[in-house]
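The structure appears right after this line, and notes come after that.
Read the figures in this text as sums done on the coordinates, not as results from a lab. All of these numbers come straight from a predicted model, not from anything done at the bench. Because the Cβ atoms are built from the backbone with ideal geometry, glycine has one as well, and the counts that use them run over all protein chains shown.
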Amino acid sequence: MAYLRALVAVLLAAFSLTAHAGYAQLAPPPGFSGGAGAFGYAAAANDQVFGRVIHQSGALTANVGGQAVRMPAAYRLAANAPRIAAQAIFLHPGIRTAAGIALWLGAGKLVWDASGGMWREVGDQISTDGFEYAAAIDPLNRWFPNPDGACARAIAVYQENAAAGTSFSIVGCNASHVTFIATYVCGTGGRTCTADPDSTSLIKRAATATQCPSGWTFSPAGCLSPAVQQPRFEELLNPANQPGWPMPDSVPLELPPGTPLPVEQPFINPEPGPNPAHRPQFVPTGNPVPNPKYDPNSPVGPANQPYLQPGVRIVPSPTPSNPWQVDMQPVDRPVGSADPNPQPQPDPEPGDGDRPKPEEQQSLCEKHPDIVACQKLGDVQPEALASKTVPVSIQREDGFGPADGACPAPKEFVILGKQMAFRWDLICDFASGIRPLLVGFAYLSAALAFLGLSRKEV
């Protein structure tokens, strides 16, 4: 028994330390997700964006003695946020017309080809010397704006028709021919040999002064590349060597709803702006009361005021694993007036005369802000219950006597030579009287039986 009492004492002591520490865990705001080192936030339409910082007003709710105190939150976008945003744009081309996204796509020279259902890169036409060139051995007769393209095509044709283990490399290229060297497998053991330099002719014809690169398509907007795949798409929107922040501020608000972007450790109750910081909140919990330590003979100052304002300081105390943790600190704040001021106020710095409220004067919710009794109940929304219509009918069944029954005829008999009769009228009248009750109970029993069977099918 002594061991049991010791165990109970230890548990009570541990609970007391936890409950009186003053820490509370605020509910994560809508749109926030992830855990330590991998936070994400999906911006909403009414958020504000300041460069790399998203400000969410009214995101957090702290419970102070049953009073719901609303506070904002802020999120600084992580370095890889533009890449995640680019992935979302690549997969949802329908959002390309939003102002910030359109500006970003324009800077990356990316357009959506609706007819082909693909992203394409816009490029400038390339200058030529007035001719275009082709390899004489090319069976497809492809033309290029310069000799280099035709030389590379000639080597590609040789490679397509060469024996296994043979490769070709260019050693010279001009407007009339390409010179190359072939390396091939010879002898045993996979030994390679190099042939003497060889060459093949190029042909040329007159061309316009400018044209699109090979494989690109001419359009009034410029040269359009073949389909751009996702890695290239992300690279064009957020090149690794580009300084600064390439993504326009409004892009997080223009992404499909519910698209989370990676963020750093969030900020509790910050002031709007590009440089957020945690900010405590002071919440009055009652009207000012006379200060028993007020000295009217001493100068009035922060620590010497005629009244004390009871309240709670909500001090952000986040950790990587608990990003919404706050410290609820009951305090008595010296004030100069007895006028009540019930509105919560941001409180970056504690008052000079603030002192912790004595524990014996703290209310239950000030001591234990997280217990169920101190939580503010939310609004209950009515929800429609599932329903099912089951047809039920009761039919009369024959076999239980005639429907138009009548009272039996009198039963006649002779006693001591005298004719007598036994009449059924009294019994028939009684049966007729209780007949409606019996029929009613029968119908009710049948209905209850049918209802029971129908409920089993729901």
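A few notes on this one:
- Protection proxy ranking, highest mean first, for peptides 432-442, 105-115, 51-61, 410-420: 51-61, 105-115, 432-442, 410-420, where packing is the per-residue count of other beta-carbon atoms within 10 Å, averaged.
- Note on the stretch 21-69: along the principal axes its Cα atoms extend 36, 25, 16 Å, ordered by decreasing extent.
- A simple rule links phi to the HN-Hα coupling: the Karplus curve 6.51 cos²θ - 1.76 cosθ + 1.60 with θ = phi - 60°, which for the stretch 412-418 gives 9, 7, 10, 10, 6, x, 10 Hz, with x for Gly and Pro.
- Of the two radii for the stretch 178-239, the radius of gyration is 1.24 times the Kirkwood radius, both from the alpha carbons; that is the Rg over Rh value.
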